[in-house]
1. Would you mind counting up the charge near PHE381? Only other residues with Cβ under 15 Å from its Cβ, with Lys and Arg at +1 and Asp and Glu at -1.
2. Around TRP42, under 9 Å between beta carbons, what's the net of Lys plus Arg minus Asp minus Glu among the other residues?
3. Using only the Cα atoms, what convex hull volume per residue in Å³ does the chain have?
4. Can you check what the net charge comes to around GLN157, using other residues whose Cβ is under 13 Å from the Cβ of GLN157 (Lys, Arg +1; Asp, Glu -1)?
5. Considering the dipole of segment 361-407 built from charges on the beta carbon (Lys and Arg +1, Asp and Glu -1) around the Cα centre, which of PHE371, LEU401, GLN391 is farthest to its positive end?
6. How far, in nm, would the chain grow between GLU382 and ASP333 when pulled straight, counting 0.36 nm per residue and subtracting the alpha carbon separation?
7. Okay, helix-only estimate at 222 nm for the chain: each DSSP H run of n ≥ 4 adds -39500 (n - 2.57), divide by all residues, round to 500 deg cm²/dmol; what do you get?
8. Compute the length gained on full extension between HIS128 and LEU16: take 0.36 nm times their separation in residues and subtract their Cα-Cα distance, giving the result in nm to one decimal.
Amino acid sequence: MTLKRPEEYDFLDPQLQRCPFEFYASLREYAPVYREPRTGYWIVSRYDDLLEVKKDPRRFSNDYVRAISIKKPPPEALALYRQAMRRPATLQRTDPPVHTRYRKLIGRTFTVSRVRAMTPDILRVVDHLLGRFPADGRIDFVRDFGVPLPCFIIADQIGVPREQALMLKVWSDALLDPVGLMITPEREVECARLTLEFQQYFKEQIEARRREPRDDILSDLSSRIEGEDPFTVEEVINLIEQIMTGGNESTTGLLGSAMLQLIRHPEQQQYLRAHPEGIENFVEEALRTETPVQSNFRVTTEATELGGVQLPKGAVLVLRYGAANRDERRFADPETFDVCRRDVAAHVAFGAGIHHCPGGMLARQETLVAFTELLRRFERFELLVPEEELQYHPTFFLRGLRSLPLRVVRAAGAH
C-alpha cells in the first residue's frame with residue numbers, strides 16, 4: 001500500500017480519529033516528528049523518539065498547560081469556568097521535584113501488592129454486572145459493563161457511594177473533552193457546568209472527611225490539608241480529578257476495544273478459552289494495538305533536536321502512544337493482533353519513565369479479571385451492528401467506543 005503524505009490527512013477530523021492507524025504509518029514513514037499545521041503541535045510517532053522524550057524531563061517538560069492550544073470557550077462556558085476553582089498543576093503536569101511530592105503519595109495507593117489484594121473486590125463487581133445481563137443476552141457492552149466496572153472500583157477506593165459512582169464517568173468526560181479539540185460549543189458549556197458540579201461535590205466531601213475520616217483515598221488526601229507540607233483544597237481536588245479520570249477512562253476504553261478484538265479474531269478467542277493463562281498477555285496486546293490514552297503532551301525547555309528535527313524552545317509535542325505502539329522498528333508485524341506476542345510488554349500504553357501511569361496496574365487487573373470471567377461464562381459474543389457503524393468519542397486525546405451493542409450467549413452451566 002502506498003501511503004499518503006501526512007499533510008494529506010486532517011488530524012482533527014473525527015473520522016480520522018475513528019481509525020488513525022494509516023495516518024500513524026504515514027507519520028512514522030515520512031515525518032516521525034511532524035508539525036501539525038492546524039494546531040502547531042509537533043506529533044512524535046516513533047517508539048524510540050517517544051522514549052527519548054519521556055526519559056528526559058530536563059529538555060521535555062511536563063509543565064505544558066500554558067503552552068497547549070485549547071479552543072477559547074464560548075462566552076457562557078467562559079463565565080462558568082471563571083466561577084471554578086483554580087486547577088493547580090499536581091501529578092500529571094509537573095516535573096521533579098514538584099512531581100515527586102505528589103507521586104510518592106499517589107504511588108503508594110496503587111502498588112502491585114495493593115492492586116492484587118483488590119482482586120476479590122473486582123471479582124464481586126464483575127459478578128454483579130454480569131448477573132444483570134438480560135436473559136436475551138442483548139447488551140451495550142460499554143454502557144452495561146465497560147463504564148460501571150472501573151467506576152464502581154475507583155469510587156470504592158476514593159470513597160464515593162455506589163449510587164453516585166457513575167457520575168465519575170460524567171465528570172471525567174467533562175474534564176477531558178475540551179482537551180480533545182473536537183467538541184461543540186454546546187458541549188463546552190455543559191463541560192463547564194459539570195466541572196463546577198464536580199468541584200463543589202468534592203469540596204463538600206473533603207470538609208466531611210476532615211470532620212469524620214474514613215478508610216479511603218479522599219480521607220488520606222484530606223488529612224494532608226493541615227500539618228507539615230500541607231496541600232491546599234485545590235490541590236486535593238486536582239489529585240482526585242487525576243485519580244478519577246485515570247481510574248475509569250483508560251479502563252473503559254480498554255474493555256471495549258479488547259472485546260472488539262476478541263470478536264474480530266474468533267480463532268484467538270478460542271485459543272484463550274483453551275488457555276486462560278494467556279489472558280494476561282491478551283490484555284497487553286489489546287493495550288498495544290488499541291491504546292486507550294492515545295496521546296500526552298510535553299513542551300521543550302530549550303531549542304533542541306529530536307529524530308533529526310530541530311525544535312524551538314516552547315514547542316508543544318504530542319507524544320502519540322498509539323503510533324509508537326505500532327512502530328515496525330520495535331514490533332514485528334505490528335498491525336497484526338496476536339495474543340501470543342512475546343515482546344508485547346514493551347508497549348508504552350501507560351507511558352514510561354517517571355510519569356508512567358500509576359493506575360496502569362489497576363486497569364490491567366480489572367481487565368484481566370473481567371475477561372477471565374467473560375470467557376468462562378459466555379460461549380459466544382456477537383456484534384449486533386456492522387463494525388463500520390460503531391462510533392468513537394470525538395477526541396484526539398483518548399480512544400474509546402461510544403457503544404458496543406452485543407448479543408452474548410451464556411455457556412452451558414454458567415450462572
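Throughout, read-outs are computed from the coordinates displayed, never taken from laboratory work. Every value quoted in this text rests on a predicted model; they were computed, and no experiment measured them. Reconstructed Cβ throughout: ideal geometry from the backbone, glycine too, with neighbour counts over all protein chains shown.
1. With Lys, Arg at +1 and Asp, Glu at -1, the neighbours total 0.
2. 0
3. 147 Å³
4. Its environment carries a net charge of -2.
5. PHE371
6. Working it through step by step, the gained length comes to 14.9 nm.
7. After summing the helix terms and dividing by residue count, I get -14000 deg cm²/dmol.
8. 36.7 nm
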